[in-house]
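First the structure, in the form of structure tokens, and then the observations on it.
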Amino acid sequence: QKEVEQNSGPLSVPEGAIASLNCTYSDRVSQSFFWYRQYSGKSPELIMSIYSNGDKEDGRFTAQLNKASQYVSLIIRDSQPSDSATYLCAVRPPGGATNKLIFGTGTLLAVQP
Amino acid sequence: NAGVTQTPKFQVLKTGQSMTLQCAQDMNHNSMYWYRQDPGMGLRLIYYSASEGTTDKGEVPNGYNVSRLNKREFSLRLESAAPSQTSVYFCASTRGNTEAFFGQGTRLTVV
């Protein structure tokens, strides 16, 4: 089992719709979770970080964490064509700052105008 | 602030040649990482350094060596390049338990 798993997509949604991206992780006691957006040919850039169970909202983006079920989601409301990118989920396993940061394979999101 | 700076941006090597990828950060971060990214594979961790003076293997360390020269700099060396090492390489750094900041990437082709 991979440490961090994502559906590779592509996930295609019409402009203005809600896009829901999911990520599962294997280590139950992982501590911190991140969503990155990566445009083709560019570096990953941070969208959201979440450290405790529940929802965290930032503008059109909401991160949801459920440690009991070992998944973290990213919800994008009012999707725009500029949101079309690969979304990477990252998890920091136990050990906190001294440990590695593991990424999933990413989900390609395509927002259709 | 420059953030995380990688050099070079592009490189073509012949099989068997060696090279070092340089990475420097000016954010006073303790931890630094080297990842490679191949189509459909996401970011795979090669090596990381939790603090100055320490390095640890990641998922795909074979064929690579690293040096944490000081707190700012973390280099990745390919001693004898192979076509399987053709990839995009990213350096990243973090402070504590927070998010990683990435360099602009190095696109390496081994022919």
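Remarks
- For B:ARG44, the conditions (1) more than 14 Å from the chain's Cα centre (by Cα); (2) not in a loop (DSSP other than H, G, I, E, B) all hold with the exception of (1).
- Filtering segment A:73-87 for residues that are out of contact with any strand residue (DSSP E or B) (no Cβ under 8 Å at 6 or more places or on another chain), assigned to a loop (DSSP other than H, G, I, E, B) and within 14 Å of chain B (Cβ to nearest Cβ) leaves an empty set.
- The C-beta contact set for segment A:101-113 (first residue under 17 Å from A:LEU74 (Cβ atoms), second residue at pLDDT 95 or above and of a type in the set (D, E, K, R), distance under 7 angstrom, 6+ apart or interchain) comprises A:LEU109/A:ASP83; A:VAL111/A:GLU15; A:VAL111/A:ASP83.
- Matching residues, segment A:19-56, being of a type in the set (Val, Ile, Thr) and assigned to a strand (DSSP E or B): A:THR24, A:ILE47, A:ILE50
- For segment B:42-65, a residue qualifies if it is within 7 Å of another protein chain (Cβ to nearest Cβ) and either exposed (fewer than 14 other Cβ atoms within 10 Å of the Cβ) or touching a Phe, Trp or Tyr at 6+ places or on another chain (Cβ under 7 Å) (or both), and the qualifying residues are B:GLY42, B:LEU43, B:LEU45, B:TYR48, B:GLY58.
- Verdict on B:VAL60 being touching a residue at least 12 places away in the same chain (Cβ under 8 Å) and in contact with a Lys or Arg (Cβ under 6 Å, 6 or more places away or on another chain): yes
- Selection count, segment B:21-41, where residues are surrounded by fewer than 16 Cβ atoms within 10 Å (Cβ to Cβ) and either more than 11 Å from every other protein chain (Cβ to nearest Cβ) or touching a residue at least 24 places away in the same chain (Cβ under 8 Å) (or both): 4
- Scanning segment B:66-111 for residues that are among the aromatic types (Phe, Trp, Tyr), closer than 24 Å to A:TRP35 by Cβ and surrounded by 22 or more Cβ atoms within 10 Å (Cβ to Cβ) returns B:TYR89, B:PHE90, B:PHE102.
- Out of B:GLY63, B:GLY105, B:GLY40, B:GLY96, sole residue that is touching a strand residue (DSSP E or B) at 6+ places or on another chain (Cβ under 9 Å) and modelled with pLDDT under 95: B:GLY96
- Exclusive hit being away from chain A (no Cβ under 11 Å), of a type in the set (Asp, Glu) and touching a residue at least 60 places away in the same chain (Cβ under 8 Å), set B:GLU79, B:GLU73: B:GLU79
- The single condition from (1) part of a loop (DSSP other than H, G, I, E, B); (2) on the phi < 0 side of the Ramachandran plot that A:GLY16 fails is (2).
- Just so you know, in segment A:25-46 the residues that are in contact (Cβ under 8 Å) with a residue 40 or more places away in the chain and surrounded by fewer than 19 Cβ atoms within 10 Å (Cβ to Cβ) include one that is nearest to the other protein chains (Cβ to nearest Cβ), and it is A:GLN31.
The values are calculated or read from the model by the stated rules, or taken from the named source; none is laboratory data. Note that this is a predicted model, so its numbers are computed, not measured. Note that we place each Cβ from the backbone using ideal geometry, even for glycine, and neighbour counts take in every protein chain shown.
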